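Working notes for the structure below.
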């Protein structure tokens, strides 16, 4: 049983791969002072980069949990999400309101994906 960890830090790894499944740590926007659309777009670009590093892509996402600071941002976040997600590849998904580590962050995502073969 092999577990591969990439971008390993003190508290967490950015990517963990086990049994052809990719687990990404929670992703937030690079610019925490931007609006919900920009934060969502930037966050999803980081998801793309990490999935590529792991050998996967957005078409192989199995499950996501999206954390919103304010559920009032749900529709705006979904507009960006819907443009980003390939048609016919919707993962299992939950979206919840949560306090995020720093108050300026409006959205965070956790992703589980299959490796692309």
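The numbers here are math on the coordinates, done by the rules we state, and not lab data. Note that this is a predicted model, so its numbers are computed, not measured. Quick reminder, even Gly has a Cβ in these numbers, built from the backbone with ideal geometry, and neighbours come from all protein chains shown.
Observations on the structure shown:
- For region 54-117, the spread of Cα positions along each principal axis, largest first, Å: 39, 22, 16
- Where only DSSP H runs of four or more residues are counted, the chain gives -8500 deg cm²/dmol as its mean residue ellipticity at 222 nm, each run worth -39500 (n - 2.57).
- Mean separation of Cα pairs under 8 Å and 6 or more residues apart, divided by the residue count, gives the chain a relative contact order of 34 percent.
- From most to least packed by mean Cβ count within 10 Å, the peptides 9-17, 38-46 give 38-46, 9-17.
- FRET efficiency for the pair residue 18 and residue 82, taken as 1/(1 + (r/R0)^6) with r the Cβ-Cβ distance and R0 = 22 Å, rounds to 0.15.
- Extension reserve of the residue 53-residue 100 stretch, reckoned as 0.36 nm per residue once the Cα distance is removed: 14.4 nm
- Cα shape, region 8-111, gyration tensor, a/c 1.5 rule: oblate
- FRET efficiency, residue 32 to residue 114 (Cβ-Cβ, R0 41 Å, nearest 0.05): 0.85
- Relative to the dominant Cα principal axis of the chain, helix 74-84 is inclined by about 40°.
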